[in-house]
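All remarks here apply to the structure that follows.
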């Protein structure tokens, strides 16, 4: 008889759930990395614009150009703040995905340990059945051997007893000598 785990389908579903959570975590990590890269690029662009504003401010610059550069830097600051918010949100999603993966992994491990215990019990029961079967075979052989040995031994013993009795009955008892 082979082992059949009744909750195998549940275990398979838990494994699929864990794999899906792992894929979600991987996607969330990639998204967070992209958001960090975007934030770093925005920060570098802002620094470049700020440096160019400082370089231009040492020379002759019109008020309109100065205002335009200040507007660009303000826009970049706003984009940088949104990028920072996006990074925080992406990191929050990564943390949620990690928690979900940990829970899914724990749920799968619970069913997996239950399966291991069931397998161990089944193996123990199979070993016990095998031992009982082997004991029955050994007992049957032992009984058969002794039954056939007793039958041969009892015929031999019975034959000697009969011959001894027949020898006695045919010979007259010895008379006592006077």
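The values are calculated or read from the model by the stated rules, or taken from the named source; none is laboratory data. Everything numeric here is computed off the predicted structure, so don't read it as measured data. For neighbour counting, all protein chains shown are included, and Cβ atoms are generated from backbone atoms with ideal geometry for every residue, glycine included.
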Per the list (1) closer than 30 Å to residue 118 by Cα; (2) free of Cβ contacts under 8 Å to residues at least 12 places away in the same chain; (3) assigned to a helix (DSSP H, G or I), residue check on residue 4 breaks on (3)
Flagged in the range 94-114 as in contact with a helix residue (DSSP H, G or I) (Cβ under 6 Å, 6 or more places away or on another chain) and closer than 24 Å to residue 4 by Cα, in numbering order, are 104, 105, 107, 108, 111
Notebook entry, point to check: Got at least one residue in the range 85-107 being under 30 Å from residue 129 (Cα atoms) and under 20 Å from the mean Cα position of the chain (by Cα)?
Noted result: no
**Message:** Looking at the structure I just gave you, is residue 83 modelled with pLDDT under 90, surrounded by 12 or more Cβ atoms within 10 Å (Cβ to Cβ), within 27 Å of residue 39 (Cβ to Cβ) and out of contact with any strand residue (DSSP E or B) (no Cβ under 6 Å at 6 or more places or on another chain)?
**Reply:** no
Result of the Cβ filter at 7 Å on the range 33-48, keeping first residues that are surrounded by fewer than 16 Cβ atoms within 10 Å (Cβ to Cβ) and partners that are at pLDDT below 90 and assigned to a helix (DSSP H, G or I), at least 6 apart or interchain, is 45/76
